[in-house]
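Notes to accompany the following structure.
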Amino acid sequence: MCARFTLMMPSWQDVWKLLQFEYREEDAAAYRPRYNIAPTSQHWVLFRANDKRMMTRAKWGLIPRWSKDAKLASRMINARLETVAEKPAYRSAFKDRRCIVPADGFYEWTGPEGDRQPLWIHPKEGGLLLIAGLYEDWNDPANGPVRTFTIVTRDAEEPIRAVHDRMPLLVRDDAVDAWIGPGTPDAAALAMPTEALDLRRVSKRVNSPRVDEPSLVEPIA
DNA sequence: CCAGACGTTGTT
DNA sequence: GTCTGG
DNA sequence: CCAGACGTTGTT
DNA sequence: GTCTGG
C-alpha cells in the first residue's frame, strides 16, 4: 500500500475535533468518550470505548492472540480487505476488533526503478484521512500485554490507481461508527471518495526510513 | 496422526 | 545478490 | 516501499 | 486457535 503514513502526528484534540467532539479541559473528569485512543510511536489509533482494557500504547504489526512470539508482526502490517474475513490471522480481529488510524497522508512511489519519485497522498483540502484498521491484544511472554494493529488495504481507485494498484481503505468522516461499531461493516458504503485526494511530488529524502520530519511533505518543483 | 503455517507488497 | 529493519 | 547490512573475537 | 499439507 504505502510507506510511512504520517509525519505530522495529529494532536488527539485534533482527532477529537475531526470526529466532531469538542474537547474542553474542564470537562475532562466527566468526559465519557465514545472512543478510546492510544498512541503509537507516530499515530493515534481509535478503538471502541466499550473496550475494557485501557492500553497505553499500540504497535503497528498485528500479532494474533495465539502467536507464540512476535515474529509475525513485521509481516502483518497490511490486511487485504478481500480476504480479511477468512484469513486465520485476521478474521477474529475483523469480526470484533476494528479500529481507525487517523493520518494526514501516506506515501507511494512511482517511476522507473532506480529513479523512483515519492508522492505524498493527502486530502486536497487538508484534514485527516481515516484509515481502517484491525487490532489485537497479545500477551507477550517476555514483555507482557501489548496492543497491535494492522492497516486494511483494497484495490486502488483513481487517482491513486495511476501510480499503484493498492491503497488503504479510507473511511468517510461520518462512517467511523460504521467501521468500528458492532456488526459486519460494508466497506463499499463507508469508503471515502478518492477524487478528493491529491498526489504531491515530494523530496526523495523521504526514501530514508530514518528521516521523518514535517518538511518532507512540502511540494517540490 | 503431527508439523507448520497463519501475510502482503511494505514502518515506527 | 539477498536479506533484515524501519 | 527503501536503506543498509552482509561478521567475529580475528592476520600474510 | 485452526487449517493445510504430508
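Observations
- Loop-located trypsin sites (Lys or Arg not before Pro) in segment A:73-142 (DSSP state not H, G, I, E or B) with no more than 14 neighbouring Cβ atoms inside 10 Å: A:116, A:124.
- Neighbourhood net charge (11 Å Cβ-Cβ; Lys/Arg +1, Asp/Glu -1) for residue A:171: -1
- For segment A:83-221, the pair-distance distribution built from all alpha carbon pairs, in bins 10 Å wide starting at 0, is 11, 35, 32, 19, 3, 0 percent.
- Candidates per trypsin sites (Lys or Arg not before Pro) in segment A:155-221, loop by DSSP, up to 13 other Cβ within 10 Å: A:210
- The length gained on full extension between residue A:166 and residue A:71, counted as 0.36 nm times the residue separation minus their Cα-Cα distance, comes to 31.7 nm.
- Neighbour counting of Cβ atoms within 10 Å sorts the residues A:104, A:165, fewest neighbours leading, into A:165, A:104.
- Simple label model, 7 Å out from Cα along Cβ direction - residue A:48 to residue A:82, nm: 2.8 nm
- Measuring against 32 Å, Cα to Cα, the residue pairs A:71/A:95; A:59/A:204; A:68/A:95; A:87/A:124 contain A:87/A:124 as the ones spanning a longer distance.
- Label-reachable residues, segment A:119-147, where backbone N falls under 19 Å from a point 7 Å from residue A:91's Cα toward its Cβ: A:134-137
Read-outs throughout are calculated quantities, based only on the coordinates presented, and are distinct from any laboratory measurement. What you are looking at is a predicted structure, and each value in this text was computed from that prediction instead of being measured. So basically every Cβ, Gly included, is an ideal-geometry build from the backbone, and we count neighbours across all protein chains shown.
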